[in-house]
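Computed from the coordinates by the stated procedures, all read-outs in this text should not be read as laboratory data. Only a predicted model underlies this, so the values are computations on that prediction, with no experimental measurement involved. Cβ: placed from backbone, ideal geometry, glycine included. Neighbour counts: every protein chain shown.
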Amino acid sequence: GENVEQHPSTLSVQEGDSAVIKCTYSDSASNYFPWYKQELGKRPQLIIDIRSNVGEKKDQRIAVTLNKTAKHFSLHITETQPEDSAVYFCAASKRTGTASKLTFGTGTRLQVTL
Amino acid sequence: NAGVTQTPKFQVLKTGQSMTLQCAQDMNHEYMSWYRQDPGMGLRLIHYSVGAGITDQGEVPNGYNVSRSTTEDFPLRLLSAAPSQTSVYFCASSLGTGGTAGGETQYFGPGTRLLVL
């Protein structure tokens, strides 16, 4: 099955700096790559996603890049703010039978310090 | 529109007890799933359903049963609770299964924290 590795497990940046989180996946057939943000004690929420026919996608301060050849994708957050502090999960999925199943990375705890 | 709801929020069980975690969505979503979240292990898929009457196993199905008699509800049953099932359980739903595009936005419920003694 699919295996998703995520690095780093923790990341501390100063407010205003950029943060980058990287993920690799094992199954070359995976074609959908979402990123979820989970604040302490809350549910995961989608922040951005990318499909395999696109190399980069941007939404304000957040961007995701995908390298299909190398089987890795990254989340970039620019001009970080304290409210960006959370755990971020990457995931990968492909169509299998009747459904697409997400495989998540192990998460990155981002702390934005003042 | 309440989205995805889960009950209870917190539950303590003794080893061997059974219980059902409830999940409901009011968005007419076709796809529903259950995940467990453990420290350092991300979210792992337990079971999923692509529609009423259709369920299938995920990555970690042992010790859990599901059924989907309606579009709205997708309960998760623990048959005989074990300490290894101590975790936070999230239910999620999406409008469809993503077709050949590989996936769609999943909306998560608030979670159920389960402690098995």
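Highest mobility in the GNM of chain A, judged by mean-square fluctuation with C-alpha springs under 10 Å and restricted to A:Asp49, A:Asp84, A:Asp17, is found for A:Asp17. Figure legend: label point modelled 7 angstrom from the Cα of A:Gln60 along Cα→Cβ; residues of region A:19-54 with amide N under 20 Å from it are A:19-21, A:34-40, A:42-50. Cross-link reach is defined here as a Cα-Cα straight distance under 14 Å, omitting same-chain residues fewer than 8 places apart; for A:Lys94 the aspartates and glutamates meeting it are A:Glu2, A:Asp27, A:Asp49, B:Glu104. Its residues counted as N, the protein assembly as shown yields a C-alpha radius of gyration over 2.2 N^0.38 Å of 1.01.
Rounded, prolate or oblate, given the Cα gyration tensor of chain A, with a/c below 1.5 counting as rounded? Cα axes put chain A in the prolate bin. Of the residues A:Ala70, A:Ala86, A:Ala29, the one that moves most in a GNM of chain A with alpha-carbon contacts below 10 Å is A:Ala70.
The value given for region B:1-89 is a Kirkwood hydrodynamic radius of 13.5 Å, derived from the mean inverse Cα-Cα separation.
The ranking of B:Leu13, A:Leu75, B:Leu115 by Cβ neighbour count inside 10 Å, starting from the fewest, reads B:Leu115, B:Leu13, A:Leu75. The simple Förster model, with R0 at 30 Å and r as the Cβ-Cβ distance, assigns B:Asp38 and A:His72 a FRET efficiency of 0.75. With contacts taken as Cα pairs under 8 Å at a separation of at least 6 residues, chain B carries a relative contact order of 35 percent. Note on region B:1-53: the alpha carbon radius of gyration divided by the globular reference 2.2 N^0.38 Å gives 1.33. Each Cα pair under 8 Å and six or more residues apart adds its sequence gap; the mean of these over the residue count of chain A is a relative contact order of 36 percent.
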